[in-house]
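Asker: Mind having a look at this structure? Questions to follow.
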Amino acid sequence: ATNLVRHFDVGGSLFEKPRKLRAVDDVSLTVNTGETLAIVGESGCGKSTLARMLMRLIAPTSGRMTFEGRQIDQARGRALTELRRDMQFIFQDPFSSLNPRLTVGRLVGEPLETHAPALSARDRRARVAELLTQVGLRPEHTDRYPHEFSGGQRQRIGIARALASGPKLLIGDEPVSALDVSVQAQVINLLADLRDRLSLTLVVIAHDLAVIRYMSDRVAVMYLGRIVEEGPTDEIFARPRHPYTIALLSAIPVAEHGRIKQKVELAGEMPSPIDPPSGCRFHTRCPFAQDRCRAETPQLRDTGLAPGHGAACHFFEEIARDAVPPAQGAG
Ligand code: SF4
Ligand code: MG
């Protein structure tokens, strides 16, 4: 995906033009076949919007998206149906995302009717049983309703439903954050296991850094609609370069990130995406901010530390070298 932008019109009345909320602003992202990419950031940073856009649940306002060489940003009709077969979404909330009036058999079988219409009713039932087994549920449960299951089991039903069309890519928007902590690890393990067994490509939206470290190959860090740092997971955890990434890692126990050299404390709240700060959007919270940061938007630049490791900060070289913020006005 390149230069993706998604606006939402907010407010507006007879007298006032709606204002543009740039939820995702000029994001370029590649997901390699077979890898697990994590997208991380605070709530409101645009990661859910980005995930829905990658899935084409919503269309980008501008920008270009390709999937296996096909251009998909304007896909509709049949092309969109085909896309739905190849890419599936796992929702955050397994309580509201499953229709309570449908049995498990119907919930999991429904996508088969769309994507495998030639299947006989008998074969469909067999396939549903197989899908339920794959996610660790019992095939005898097909006649039950979602409310008869626990949160973790419901998320398993959601995953079985997502797998029904035989997707190549799964996108999970905080797939375990609505679940009890005690079952989160089970569902994460299930996803990792399915990925390996079914050769899936995974995009996981998360804010839990332990989850990210455990299951992703690459990380993209988002702040206010933009990617501020990207790279191999081990690399990001060992040598974060963007002050925002350093701040996120500073906030978690050392055991989860090894040892990072510096600490950055995150002050204040994330500003509104309706009227984002000029230049580097992080400058209102960045202890290293200088005049240039307010004037000029930093682009993602190669850190030279590891292949594919980039950071969007004017001063990451200096910041990495010095443990203290550089003098104001310098550089
Ligand atoms: Fe901080 Fe400036 Fe880097 Fe933005 S560009 S992260 S404000 S030092
Ligand atoms: Mg969200």
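The values are calculated or read from the model by the stated rules, or taken from the named source; none is laboratory data. All of these numbers come straight from a predicted model, not from anything done at the bench. In this analysis, Cβ positions are derived from the backbone assuming ideal geometry, glycine residues included, and neighbour counts consider all displayed protein chains.
Asker: Are any residues in the range 226-247 under 19 Å from the mean Cα position of the chain (by Cα) and among the β-branched types (Val, Ile, Thr), and if so, which ones?
Answerer: ILE227, VAL228, THR233, ILE236, THR245, listed by residue number.
Asker: Could you grab the pairs with beta carbons closer than 6 Å, sequence gap of 6+ or different chains, first residue in the range 270-289 and under 20 Å from ILE319 (Cβ atoms) and among the aromatic types (Phe, Trp, Tyr), second one outside any loop (DSSP other than H, G, I, E, B) and within 16 Å of ligand 2 (Cβ to nearest atom)?
Answerer: Partner pairs satisfying both residue conditions: PHE282/TYR223.
Asker: Restricting the search to the range 92-114, which residues are of a type outside the set (S, T, N, Q) and modelled with pLDDT under 90?
Answerer: ASP93, PRO94, PHE95
Asker: Only one residue in PRO175, PRO167, PRO240 is part of a loop (DSSP other than H, G, I, E, B), outside the structural domain of LEU98 (by TED's automatic domain parsing) and not small (Gly, Ala, Ser), so which one is that?
Answerer: PRO240
Asker: So which of LEU83, LEU132 ends up being in a helix (DSSP H, G or I), farther than 24 Å from ALA51 by Cβ and not β-branched (Val, Ile, Thr)?
Answerer: Sole residue among the options that is in a helix (DSSP H, G or I), farther than 24 Å from ALA51 by Cβ and not β-branched (Val, Ile, Thr): LEU132.
Asker: Find the residue count for the range 60-86, including only residues that are surrounded by 15 or more Cβ atoms within 10 Å (Cβ to Cβ), closer than 16 Å to LEU29 by Cα, out of contact with any Lys or Arg (no Cβ under 7 Å at 6 or more places or on another chain) and not aromatic (Phe, Trp, Tyr).
Answerer: 2
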